[in-house]
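Working notes, beginning with the structure itself.
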Amino acid sequence: MKATHTAAAGQQPSEQLRYARWLDWGTRLGLLALAGLFLAYGTGMLQPHVPHERLATLWSLPVAQFLAATGLPTGWQWLQFAQHGDVANLIGICLLASCSLPALLALVPAYLQRGERVFAAICLAEVAVLLLAASGVLSVGH
Amino acid sequence: MLATLRHRCLVAVVCLLVLAPAHAADVLLTANHLPWWFWPLALFVTSFLIGIVAVPAGIGGGTLFVPIVAGFFPFHLDFVRGAGLLVALASALAAGPMLLRGGLSSLRLTLPLALLASISSIFGAMLGLTLPPAAIQLTLGLMVLGIVALMLVSKKSEFPQAKRPDRWSDALAIHGVFVDGASGSTDHWRSHHTRLGLLLFAGIGLLGGMFGIGAGWANVPALNLLMGAPLKVSAGTSGLVLSLVDSSAAWVYVNKGAVLPMIAVPSVVGMMLGAKIGARLLNVLKATLIRKMVISVLLFAGVRALLKGLGVWV
């Protein structure tokens, strides 16, 4: 099985293997942060902004009402509350949602070196889309 | 004889695994005196069980997760969709590197499709968070029933032949080499109908962002039957497309405050652990039977969402 995988890997384009390597490390880092921070939150090592018992009475509300009841903000302003266990977990989630970014950027020089400008442009456009989504410009406010 | 009996017992157990979480959650929904930790724990168990059956059924866990959790757990649909996107994202990211190295995912096929789907998924997510919950439940119900119909009628082609790659496919050099680990055969594949594929993926991205549901159920037929990629490459590439599309949509949910770690993290961990077991069971279980059971559960969850949206069964 391993031999087949190695043979298959040998036949894949170098940029595909480069993307896989970056994605692998990014995902590991994101999942590690997610699990570690949730453990700290669940065990009470990091005190939550919304206590567990109260959270159970609020999670059936629409998001706008939930935010009004808890005083939590939209966009990147959650960073101001990052010392709290529940909000700190968003760090792991953001890492997971961003781990394609370095992998995409790592492809750009590889494509440019081979003269594949269209694919380099597609990678940069995808990075721009992800950054636009992450910026909160499109989604902040109700 | 003994082997048949053992197989039937295994199938019965899996059947119970699929149906139990939905039934248990429905019964317990009325019991509001439960401690706070009950629901995250129930969510972890449910996600774990969904993870087990999703792999042999050949669908993404997110497709089962959103209708079941939205239908039978007390969480608001906004948070369920946020968690659903993260479940689909984490699963796609975890599998991505291995699929790329093994040639089961094609980066060249992924990048153009994911770009359009990512853009439309952002608009889908924004739209989903703007529409009233009843409308979303109703549309979700209709969509899940549509998925059931698609699963019932769709055909698959192990090695479709793209006889003449179109201009776009030629210009972007969308082709690859796939070494089948099971048969050891090597397939040099190429794609066609690229423009129509791009258009379809824009629509799929919109739905994925709106409902927080993984879109493997739509990606795979589009890649396999329309664009001519081998079945296993289609499944692998679908995962890689999801890893980019769901990242874009997930940011919208995070920025809107619609991601609750207490809901999202147990779901992600449960689903990933379950999927590992599901992958091991792939050779033991009869995939067609599992698929039929999953269709039954989806049918149930779809009708539930539809009735919830209509205010008949809230």
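The values are calculated or read from the model by the stated rules, or taken from the named source; none is laboratory data. Just so it is clear, the model here is predicted, and its values are computed rather than measured. Note that we place each Cβ from the backbone using ideal geometry, even for glycine, and neighbour counts take in every protein chain shown. Note: accessible area is taken over every heavy atom of the protein model, side chains too, but ligands, DNA and RNA are not part of it. Shrake-Rupley method; radii C 1.70, N 1.55, O 1.52, S 1.80 Å.
The table below lists the values:
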| quantity | calculated |
| --- | --- |
| Point-to-point label distance, residue A:58-residue B:185, nm (Cα→Cβ direction, 7 Å offset) | 5.8 |
| Residue-by-residue Karplus 3J(HN,Hα) for the range B:293-308, coefficients 6.51, -1.76, 1.60, Hz, glycine and proline x | 5, 5, 4, 4, 5, 4, 4, 4, 5, x, 5, 4, 4, 4, 5, 5 |
| Gain in span if fully extended, residue B:38 to residue B:307, counting 0.36 nm per residue against the direct Cα distance | 94.2 nm |
| Protein-protein interface of the range B:254-269, residues with accessible area decrease of at least 40 Å², isolated chain reference, 1.4 Å probe | B:254, B:255, B:256, B:260, B:261, B:262, B:265 |
| Amide H contacts of residue B:106 (H built 1.01 Å from N, under 5 Å, at least 5 apart or other chain) | B:237 |
| Acute angle (nearest 10 degrees) that the helix B:2-28 long axis makes with the longest principal axis of chain B, alpha-carbon atoms | 60 |
| Percent carbon-and-sulfur accessible area, the protein assembly as shown, ignoring ligands, DNA and RNA, probe 1.4 Å | 69 |
| Highest-MSF residue in chain A out of A:14, A:100, A:60 [GNM, Cα springs under 10 Å] | A:60 |
| Fluctuation leader among A:102, A:51, A:73 - chain A, Gaussian network, Cα springs under 10 angstrom | A:51 |
| Accessible surface buried once A binds B (1.4 Å probe; total of both sides; Å²) | 5400 |
| Debye equation applied to the C-alpha atoms of the range B:40-310, log10 I(q)/I(0) at 0.07, 0.10, 0.12 Å⁻¹ | -0.22, -0.46, -0.67 |
| In degrees, nearest ten, helix B:107-128 long axis to first principal axis of chain B (Cα) | 30 |
| Cα pair distances of the range B:57-189 binned at 10 Å [whole percent] | 9, 29, 34, 20, 7, 0 |
| Shape call, the range B:73-137: gyration tensor on alpha carbons, a/c limit 1.5 | oblate |
| Alpha carbon convex hull of the range B:200-314, volume per residue in cubic angstrom | 145 |
| Label-to-label distance, nm, for residues given as residue A:112 and residue B:130 (7 Å Cα→Cβ offset) | 3.7 |
| Counting all C-alpha pairs of chain A, share separated by more than 27 Å (%) | 41 |
| C-alpha long axis of helix B:261-281 to longest principal axis of chain B, angle in ° | 60 |
| Theoretical FRET efficiency, 1/(1+(r/R0)^6), r = Cβ-Cβ of residue B:173 and residue A:28, R0 35 Å, to 0.05 | 0.70 |
| Whole-number accessible area per residue in Å² for the protein assembly as shown, which is evaluated in the context of all protein chains at 1.4 Å | 42 |
| Anisotropy class of the protein assembly as shown from Cα gyration tensor, a/c 1.5 cut | oblate |
| Neighbouring partner chain Cβ atoms per residue of A:31-43, average, 10 Å criterion | 3 |
| Long-range lysine pairs (8 or more apart or interchain), chain B, Cα under 29 Å | 17 |
